[in-house]
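Student: I'd like to ask some things about the structure below.
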Amino acid sequence: MSNPTNTLDWRRVHYAGSTIVDLHAHPGLKISLFDKVFTAPFHADGAFNPFSFESNYLNLRQGGVAALLSVIYPPERQIVLQEAPVLKALRYLRPKVWRTVFDGSYFDVANRMLDDLERSVAATTDPVTGRPQAQVAHSRAELDAILAQGNGRPIAMIHCLEGGHSLNSGPGATTQQLLANLEHFFRRGAAYLTLAHFFENDLVHPCYPWPEDIQKLGFFNSERDVTLGLKPAGEQVVERMVELGMLIDLSHCTPPARQRIYDIVGQRAPLMMTHVGAYAINPDPYNPQDWELKKIADTGGVVGVIFMPYWLAPDARKRGMNAVVQTLRHFLDVAGVDHVGVGSDFDGFIDPPDDLPDARHLGRLTQRMLAERFTPEQIGQIWGGNALRVLRQGWGK
């Protein structure tokens, strides 16, 4: 006969014992590009689907998410112009997508996407009670006010930006214009900026971004020089972010760029890598090495595991939860339990694990962590305690 005292109720650990925070997901991409409705149901089935909506409101609610760092990414035009010219057909097949990407500067596109997200989130009001079911938190104080509402509280949506190109408001943008646009987004409520993304921008050079399995017919095969690092404008932006209290996400930056940011920031602000794997498990320049995990921990920061098997394991498999848990364990062992989090990258056009296909299924990860002898206290910190601490320490002044 089984002994019930030797088991833990994963639901209690997941829903009652954790304040679940996803450090990095992209509902705004699907809302702006494909006219997705935040409250419309969508259940992923494991197969890669660029039109899926893994982090919609219903999935987030079912998965127990309390706060989502909702990342705006204005698509970089080199994807169409350089990597996959066949996508120029979008001009005719999906004209709204084409206008979103090409109509105006990256700064303008990012602002339109923020507007789209805010409108979609505002439309979540419960028709019976009149209470919002999701709400944008534009500051640390607004986030705490949402979380303090207890059972039935709205999901807190926190603006973030991916790619320093978001700061570019036109050809020949000066460093002063980039800094002014950075402050604009900070005033709009952006908690962090991921400095790099797929292509070189005004601030920094990126790592190689493409999974090898999409390099077909000559598409998505350009290289990146990972010896290049942070640019002079990037150094000024990093310094201004520290002054403002805008968190710095080093994901996608080259190793030399990350090294320079560690040197500039020191321990003045918590640093983040929101959606990565571990270099010790999958030795790719995109992933932080152990000394970097310790460096980020020394700043009081957090490292979030991505839900994309390609970046987590050299022998990536479709059922990738094992790689997610192995990476979490490595982060915990090297950086310490106070510096580990989750950044799913849902809706970032990734291919999530078949056993973690959307936000509905986040409880499966809690089940697996319990089976792997993570304690409920460790799970609570990983799921949100550490992310909330970093937000409260580093967002705003």
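Student: In the Gaussian network model of the chain, springs joining C-alpha atoms below 10 Å, which of 351, 333, 249 carries the largest mean-square fluctuation?
Tutor: 333
Student: Only Lys, Arg, Asp and Glu count, each charged at its Cβ (+1, +1, -1, -1), so figure out the dipole size of the range 20-394 about its Cα centre, rounded to 20 debye.
Tutor: Roughly 640 debye for the range 20-394.
Student: For residue 390, what is the net charge nearby, where nearby means another residue's Cβ is under 12 Å from its Cβ and Lys, Arg count +1, Asp, Glu -1? Present the calculation step by step, with values, prior to reporting the outcome.
Tutor: On the way: positive: 140, 389, 392; negative: 249, 338.
Net of charged neighbours comes to +1.
Student: Determine the sum of side-chain charges near residue 144: Lys and Arg each +1, Asp and Glu each -1, restricted to other residues whose C-beta is under 15 angstrom from that of residue 144.
Tutor: Working: positive: 140, 153, 389, 392; negative: 142.
Net charge in that neighbourhood comes out at +3.
Student: Residue by residue through the range 343-348, which ³J(HN,Hα) values in whole Hz follow from phi under the Karplus form 6.51 cos²θ - 1.76 cosθ + 1.60 (θ = phi - 60°), with glycine and proline marked x?
Tutor: Calculated HN-Hα couplings, in order: x, 4, 6, 3, 6, x Hz.
Student: What does the charge count around residue 254 come to, taking other residues whose C-beta lies under 13 Å from its C-beta (Lys +1, Arg +1, Asp -1, Glu -1)? Intermediate values should be presented prior to the final figure.
Tutor: On the way: positive: 224, 231, 258, 260; negative: 200, 223, 225, 284, 292.
The answer is -1.
Student: Going through the cross-link list 231/397; 30/294; 96/231; 36/88, which pairs have a Cα-Cα distance over 28 Å in this structure?
Tutor: Details: 231/397 26 Å; 30/294 35 Å; 96/231 34 Å; 36/88 22 Å.
From 231/397; 30/294; 96/231; 36/88, over 28 Å: 30/294; 96/231.
Student: What span do the alpha-carbon atoms of the range 57-107 cover on each of the three principal axes, reported in whole Å from largest to smallest?
Tutor: 40, 24, 19
Student: Which peptide among 150-156, 306-312 comes first, and what is the full order, when sorted by highest mean count of other Cβ atoms within 10 Å? If you can, show how the numbers build up before the last one.
Tutor: On the way: 150-156: 15.1, 306-312: 25.7.
In descending order of packing, they fall as 306-312, 150-156.
Student: So for each of 22-32, 46-56 I average, over its residues, the number of other beta carbons within 10 Å; can you give me the resulting order with the highest mean first? Present the calculation step by step, with values, prior to reporting the outcome.
Tutor: Working: 22-32: 27.5, 46-56: 18.5.
Final packing ranking: 22-32, 46-56.
Student: Sticking with this one: The chain: Rg/Rh from Cα coordinates, Kirkwood Rh? Show your work: numbers first, answer last.
Tutor: Values: Rg = 19.8 Å, Rh = 21.0 Å.
Expressed as Rg/Rh, it is 0.94.
Student: Using only C-alpha positions, report the orientation-averaged shadow area of the convex hull of the range 13-89, nm², one decimal. Please report the intermediate quantities before stating the final value.
Tutor: Working: hull surface 25.5 nm².
Averaging across all directions leaves 6.4 nm² for the Cα convex hull.
Student: With unit charges on the beta carbons (Lys and Arg positive, Asp and Glu negative) and the dipole taken about the Cα centre of the chain, which residue among 68, 198, 172 sits farthest to the positive side?
Tutor: The residue sitting farthest along the positive end of the dipole is 68.
Student: Provide, for q = 0.11, 0.12, 0.14 Å⁻¹, the log10 of I(q)/I(0) from a solvent-free Debye sum over equal Cα point scatterers in the range 148-300.
Tutor: -0.46, -0.54, -0.72
Student: Give me the Kirkwood hydrodynamic radius of the range 210-323 in Å, from all C-alpha pairs, to one decimal place? Don't skip to the end; give the middle numbers.
Tutor: Working: mean 1/r = 0.0656 Å⁻¹.
After inverting the mean inverse Cα-Cα distance, the result is 15.3 Å.
Student: With springs only between Cα atoms under 10 Å apart, run a GNM on the chain and tell me which of 86, 13, 109 wobbles the most.
Tutor: Answer for the Gaussian network model of the chain: 86.
Student: OK, next. For the chain, what proportion of DSSP beta bridges, expressed in % and rounded to the nearest 5, is antiparallel?
Tutor: Values: 2 of 28 bridges.
Rounded to the nearest five, the antiparallel share is 5 percent.
FYI, it's all coordinate maths here, none of it is from the lab. This structure is a prediction, so every number in the text was calculated from the model and none was measured. Note that we place each Cβ from the backbone using ideal geometry, even for glycine, and neighbour counts take in every protein chain shown.
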